[in-house]
1. Tell me, in nm to one decimal, what length is gained between A:Lys285 and A:Arg131 on full extension, where the rule is 0.36 nm per residue of separation less the Cα-Cα distance?
2. Students sometimes get this wrong: rank B:Tyr232, A:Tyr305 by accessible area, probe 1.4 Å, all chains present, largest first.
3. How shielded is A:42-54 by partner chains, expressed as the average number of their Cβ atoms within 10 Å of its Cβ atoms?
4. Where the only charges are on Cβ atoms (+1 Lys, Arg; -1 Asp, Glu), what is the dipole of chain A about its Cα centre, to the nearest 20 debye?
5. Can you give the local net charge around A:Glu198? Use residues other than it whose beta-carbon is closer than 15 angstrom to its beta-carbon, Lys and Arg +1, Asp and Glu -1.
6. So what does B:Asp56 come to for accessible area, using a 1.4 Å probe and Å² rounded to 10?
7. Compute the distance from the alpha-carbon center of region A:78-99 to that of region A:259-315, in whole Å.
8. For region A:4-225, give the percent of accessible area contributed by carbon and sulfur heavy atoms, probe 1.4 Å, rounded to a whole number.
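The values are calculated or read from the model by the stated rules, or taken from the named source; none is laboratory data. Computed from a predicted model, the values in this text were never measured in an experiment. Cβ placement follows ideal geometry from the backbone for every residue including glycine, while neighbour counts extend to all protein chains displayed. Just the protein is used for accessible areas: all its heavy atoms, side chains included, with ligands, DNA and RNA removed. Shrake-Rupley method; radii C 1.70, N 1.55, O 1.52, S 1.80 Å.
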Amino acid sequence: MSSTLVELEHISKSYGSKLIIDDLSLTIHENEFVTLLGPSGCGKTTTLRIIGGFEMPDSGRVLFEGRDITNTPPNHRNLNTVFQKYALFPNMTIAENIAFGLRISKKSKQYIDDKIKYALKLVNMEDFADRSVDSISGGQQQRVAIARAIVNEPKLLLLDEPLGALDLKLRQEMQYELIRLKNELGITFIYVTHDQEEALTMSDTVVVMNQGYIQQMGTPESIYNEPENAFVAAFIGDSNIIPGFMVQDKLVDILGVRFDCVDSGFGTNTPVDVVIRPEDVILGKPGEGRMDGRVTHIIFKGVHYEMEVMAGGFEWLVQSTVGHPVGEEVSISVDPFNIQIMNKPASEDEEAIKLDE
Amino acid sequence: MKKHSVLKKVYMAVIILFLYAPILTLMVLSFNEGRTMGKWTGFSLHWYEDMFADEDIMDALKNTVIIALVSAVVSTVIGTLFCLALPRLNSKMRSVFLALNNIPLLNADIVTGLSLMLMFVAFGITLSMGTVILAHITFCIPYVVLSVRPKVRQLGMTHYEAALDLGATPWVAFFKVVLPELRSGIFSGFLMAFTMSVDDFIVTHFTRGAGINTLSTMIYGQVRIGIRPTVYALSTIVFVVVFILLIASNVISGKSATVKARRKAES
Ligand SMILES: Nc1ncnc2c1ncn2[C@@H]1O[C@H](COP(=O)(O)OP(=O)(O)O)[C@@H](O)[C@H]1O
Ligand SMILES: [Mg+2]
């Protein structure tokens, strides 16, 4: 991957006696689209504000292009922020809002005018230059906020749940817009969201956070397919998280039934958590699979059916394009590749996190 | 139904009559030709002429305006700064300071005036126009805070931070982004402070130096030696000015709110 742009080194931050960020370290590369993903209140905004310079970490350092900027005020950082509530200046027109940063850095009038035109075009708002902030919709304000940030050509753009206030359709449109913008401009994005679908759709790298910790970090595929702990598995998409134990390498005991799997290195007879995605559960005729059960619930979701199957004392969540009526006897089997083994949470604290979910 | 609404109107009329009849009487009498209180002898503006020719009155007017202007300006600055500092305090300190701010509002004027006078004397500060101004600043600040604080809370920190984010220094961010949003609150706070200062008698009475009169202390002095209709004329003008200022202050804070609301509705 390309060179390092931002490094967070052992950042901690508390408000009063409440520890919000706990020894967080993170490296972000140039041109990367990194998403901080986690439930509300887990410290995403705080992390972003520390990078933006609006909050001082209690300990740890922030490096930008190798330079320590921990104590640099926000106005001297080569980055811009799209705030959660857009924060457009209501006493200025759309064009004046966009020009704000350029005027501060004393660009020529010609340059500023060109940039305003260019930025408005980029976000499809050409006709809005002289409108007031209060006269445009939330989605439009959001686009102006992005335009206002990117005209300054920052190396890094911080976005705090920028699509949170938009309705579903507009949100999906804006997701594509943002990806397009990022590719066109070659800016590094750090994006905050609590929406796992958004994170998986848009990012090069997803950082899953909970209670101020990084739970897992990786490509969207690896986060989805190989969650490292129960929190990540539960937070990303729906999944069956079943307690079990590793009998030996590549053999796991789930609910008293042995399944082949592909994981090894957990030792013998070790308690583990097993993650199986609902779309990976294969239903068949009774006796044809690894265990038998009975359908207890079914709803039609458009593309597929979602069913609950009681088998081995566990309620399995199953997604399939073939529906089975409630009460039908079925069998369950799972391809070894689709069985994901995770270590049991090490501490009670992590156990509590799981229960929270 | 009909009857009820008539009753309502009568009730309102009576209330308004009781509230404004005294002032109306005073206004009418200020245009009276003769000097007797009870008898209308014809319309005339000569008490107004007398008033403008009266040096004592003009002197008191000048003092009143100077005191009101200076204390309104100073208390507006201090009160606004106070409002800006509040969000940075933790919640405990914030409630302590807000309570302290409210004490002068609740305190009886006579206690405020008396204690200020005692303090000035105890510290060897000669009573003068300066002490009056200091006293007025103390009781005006809470009014400024009352009208500026809601605006500061409504604005929050994000606009300021957004300006910093775009490269503005804290100074520029304040003047270009924060101040324009607080303008209406600050201005109505200033008008409130000005009005309260013009309106005050008791605190001024206790803290003024010898020979210094504001309109209210001068009128009070005249009442004791025999009241002249010039005072009616003066009171009429004071009432009208205060009335206009109050309306202006309400219109200004109301207007910015309705403009906001209308823009919202349009979008
Ligand atoms: N200025 C503050 N003072 C006290 N607590 C705060 C402050 N800012 C955030 N918090 C607390 O820190 C925690 C993390 O907040 P935040 O970073 O905003 O979470 P997220 O953006 O992930 O929802 C929350 O519990 C929140 O209440
Ligand atoms: Mg947040």
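1. Working: separation 154, 0.36 × 154 = 55.44 nm, distance 6.43 nm.
Difference between extended and current length: 49.0 nm.
2. Working: B:Tyr232 25, A:Tyr305 70 Å².
Reading off the accessible areas and sorting them downward yields A:Tyr305, B:Tyr232.
3. Details: counts 0, 0, 0, 0, 0, 0, 0, 1, 0, 0, 3, 3, 6.
For this peptide, the per-residue mean of nearby foreign Cβ atoms is 1.
4. On the way: 32 positive and 53 negative charges, 344 e Å.
The dipole of chain A has a size of about 1660 debye.
5. Values: positive: A:Lys44, A:Lys169, A:Arg171, A:Lys182; negative: A:Asp160, A:Glu161, A:Asp167, A:Glu173, A:Glu177, A:Asp195, A:Glu197, A:Asp204.
Taking every other residue near A:Glu198 into account, the sum is -4.
6. Ignoring ligands and nucleic acids, B:Asp56 comes out at about 100 Å².
7. Their Cα centres are 50 Å away from one another.
8. Values: 4380 of 9200 Å².
Answer for region A:4-225 is 48 percent, counting heavy atoms of protein chains only.
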